[in-house]
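The values are calculated or read from the model by the stated rules, or taken from the named source; none is laboratory data. In this text, all values refer to a predicted model and were calculated from it rather than measured experimentally. Cβ atoms come from the backbone with ideal geometry, glycine included; neighbour counts cover every protein chain shown.
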Amino acid sequence: MTIDPVTLAILKGRLEQIADEMDATLFRSAFNPIIAEAHDASHGIYDARTGDTLVQGKSGLPIFVGVMAFAVKAVIEKAAKQGGVNEGDVWIFNDPYDGGTHLSDFRLVKPVFRNGEVFCYLASVGHWHDVGGNVPGNYNPAATECFQEGMLIPPVKLYDRGEFRQDIVDILSSNSRLPLSLYGDLNGQINALELGEKRMNALLEEYGDAKVADCMAELTARAAQMMRAQISKLPSGTVSAEDFLDNDGIHDAPLKIALDLTIDGDSMVMDFSRSSPACAGPVNISRATAIAACYVALKHIFGDVPANAGVLEPVEFRIEEDSLLSVKAPKPVGGYTETILRLIDVVFQAVAQIAPEPAMACAYGTINALSLAGHRANGQRWVMFSFFGGGHGAHGAGDGLNHGNAPISTATIPPLEILEAAYPVRFTQWALRPDSGGAGEFRGGLGAVYEIELLEKQADVFLFGERGRFAPPGVVGGGAGALNIFHYQQADGEHVPPMASKIVGVHIDRSQRLRLETPGGGGYGHAFERNPESVTRDLRLGYITAERAEADYGVVIGPDGSVDEAATRDLRTREPAQ
């Protein structure tokens with residue numbers, strides 16, 4: 001069937017609207033702020049036969065959409081062993097090794113039936129507030145196996161031929177410190193899928209099953225075609241990039257993520273064979289997660305390509321088994337976010353060597369997963385889990401974004417008003433961090449300073465972060481952003497974690513404070529090429545100090561706050577561009 005361009009555009013928009021509406025339904029009904037406020041969730045439409053991504057929502061996490069293709073495939077394979085999928089079935093699981101990320105992310109997969117056959121799958125994933133394990137909030141930097149990170153649920157039926165299985169919910173609830181939050185988030189996901197099925201059926205009734213199926217196939221084919229066209233513009237050959245994680249939380253030694261990127265005509269090979277082997281601590285990831293992270297990185301660079309499985313059709317992946325990027329159970333994977341951020345960074349660094357124009361510098365590179373947990377005066381349990389922002393990398397068209405969220409997602413940073421209203425804490429500082437963006441012709445975005453004071457009698461503190469020892473690199477000659485720093489108060493004064501970015505079980509008392517100073521993004525281009533007026537603007541806004549204006553950018557500021565043009569010209573001539 002031939003689809004005219006207007007109809008194709010309309011159907012593309014309608015399909016995307018279905019995924020977007022599922023996103024919105026969950027965001028508005030979830031109980032926990034990580035979904036309701038931060039939008040740590042996602043929805044998509046997937047192929048009935050392969051599980052490949054057909055359509056993704058624009059408001060959820062792109063990393064989830066990429067991984068969910070493997071999750072849907074896992075359901076298809078499990079169902080085949082049990083006699084097939086039935087109308088009214090809904091599957092639920094969080095297995096990080098079988099189409100998952102980490103144990104906090106619960107997936108629901110629902111088939112849409114038409115005339116007795118599966119037309120497509122709808123899938124929902126959301127980050128639940130607490131799923132058991134040793135650490136409230138589940139980011140356990142000291143985990144050495146997945147059983148210390150939370151409950152692991154393989155693909156099981158939440159609905160069997162339309163019949164709700166309360167026993168499954170009872171098992172889930174009994175393994176959470178916050179069962180009410182779990183119940184609310186679960187029902188939000190169920191409602192999102194029910195709405196998605198309703199909207200999909202309405203679309204199919206209006207346009208016909210065959211035309212919509214042809215549209216989905218055409219969108220995938222066009223994404224592959226556009227991706228091949230983008231790759232063919234790059235010079236053939238191989239470039240290499242590598243970056244490091246601070247440590248795995250168990251052994252204080254860096255872990256390498258290395259990429260050898262080969263362009264051969266209109267195809268690409270992403271070879272991660274030189275990366276570190278699987279480690280003892282929870283920064284391992286599954287192969288599915290590694291591929292999904294590459295999908296996100298490529299979509300950042302080639303933004304015009306439609307977001308579906310066609311993006312990866314011209315790409316070959318080489319990932320060693322039992323490496324840091326392809327582990328099996330029960331290796332811990334709770335800190336997967338830190339590893340995929342570094343993986344995205346090496347893709348950015350490699351592409352910058354062969355295509356400076358679309359390249360971008362590395363973002364701040366850590367979500368700084370911070371958990372505080374304790375009991376209120378009435379004995380009620382409270383668990384505050386949140387992630388925090390930093391600077392994004394600069395690019396050839398401008399400076400990096402100040403205080404953004406990690407580039408694995410379109411999620412937002414939970415507002416301090418929400419956190420203060422929900423938990424016994426007070427933010428005594430929430431500000432941009434001066435001098436944290438990498439220097440360059442275009443400056444990296446600024447990180448942030450968050451200071452949190454405890455209002456209850458006592459709390460336990462857990463931090464899972466990164467970039468405490470390896471700053472976010474710039475590209476095309478740009479400088480690195482600032483390092484990540486965490487401080488916590490004790491009776492004898494202020495301390496920093498021995499492992500720089502990870503710590504477990506710190507006890508703090510009322511009025512004691514924690515302070516996160518998050519990294520900025522890397523810079524783009526040589527700093528001495530930056531317009532001096534842009535430097536003085538940064539100085540006026542407090543983004544940089546006068547000392548850094550001179551040391552990093554070669555711009556001398558006179559006593560009246562204006563640029564000393566003669567001294568600047570002399571300094572930039574004498575000193576090599578950094």
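Residue count for the range 1-28, restricted to those that are crowded, with 20+ Cβ neighbours inside 10 Å and either more than 25 Å from the chain's Cα centre (by Cα) or touching a residue at least 40 places away in the same chain (Cβ under 8 Å) (or both): 8.
Any residue in the range 75-84 that is buried (at least 24 other Cβ atoms within 10 Å of the Cβ), in the same structural domain as Ile171 (by TED's automatic domain parsing) and within 25 Å of Asn201 (Cα to Cα)? Yes.
So, Tyr46, is that one hydroxyl-bearing (Ser, Thr, Tyr) and touching a strand residue (DSSP E or B) at 6+ places or on another chain (Cβ under 6 Å) or not? Here the answer is yes, as Tyr46 does meet what is asked.
In this structure, does Tyr207 turn out to be in contact with a Gly (Cβ under 7 Å, 6 or more places away or on another chain) and of a type in the set (Phe, Trp, Tyr)? So Tyr207 does not fit the description; no. Can you say whether Ala202 is without any contact (Cβ under 8 Å) to a residue 12 or more places away in the chain, among the hydrophobic types (A, V, I, L, M, F, W, C), farther than 21 Å from Asn308 by Cα and in the same structural domain as Gln56 (by TED's automatic domain parsing), as far as the supplied structure shows? In short, yes. When the range 297-310 is filtered for residues that are at pLDDT below 90 and within 18 Å of Ala359 (Cβ to Cβ), the ones remaining, listed by number, are Lys299, His300, Ile301, Phe302, Gly303, Asp304, Val305.
When the residues of the range 557-571 are narrowed to those that are surrounded by 15 or more Cβ atoms within 10 Å (Cβ to Cβ) and free of Cβ contacts under 8 Å to residues at least 24 places away in the same chain, which ends up nearest to the chain's Cα centre (by Cα)?
Filtering the range 557-571 for residues that are surrounded by 15 or more Cβ atoms within 10 Å (Cβ to Cβ) and free of Cβ contacts under 8 Å to residues at least 24 places away in the same chain, the one nearest to the chain's Cα centre (by Cα) comes out as Ile557.
Looking at the range 344-462, the strands (runs of 3 or more DSSP E) lying wholly inside it that each contain 3 or more residues that are modelled with pLDDT of 95 or more, within 24 Å of Arg548 (Cβ to Cβ) and over 19 Å from the mean Cα position of the chain (by Cα) sit at 425-432, 448-454.
Counting only residues that are free of Cβ contacts under 8 Å to residues at least 60 places away in the same chain and surrounded by fewer than 20 Cβ atoms within 10 Å (Cβ to Cβ), the range 506-533 holds 8 of them.
Taken together, the residues in the range 24-51 that are farther than 17 Å from Tyr183 by Cα and part of a strand (DSSP E or B) amount to 6. Only residues that are surrounded by fewer than 17 Cβ atoms within 10 Å (Cβ to Cβ), among the aliphatic types (A, V, I, L, M) and not in a loop (DSSP other than H, G, I, E, B) were counted in the range 227-273, giving 2. Cβ-Cβ contacts under 6 Å between residues 6 or more apart (or on different chains), taken from a first residue in the range 120-139 that is assigned by TED's automatic domain parsing to the domain that holds Ser176 and within 23 Å of Val90 (Cβ to Cβ) to a second residue that is part of a loop (DSSP other than H, G, I, E, B) and of a type in the set (A, V, I, L, M, F, W, C), are listed as Cys120/Ala48; His129/Leu178; Asp130/Leu178; Val131/Leu103; Val131/Met151; Gly132/Met151.
Would it be correct to say that Asp322 is outside the structural domain of Tyr97 (by TED's automatic domain parsing), modelled with pLDDT under 95, surrounded by fewer than 18 Cβ atoms within 10 Å (Cβ to Cβ) and farther than 28 Å from Met227 by Cα? Answer is yes for this residue.
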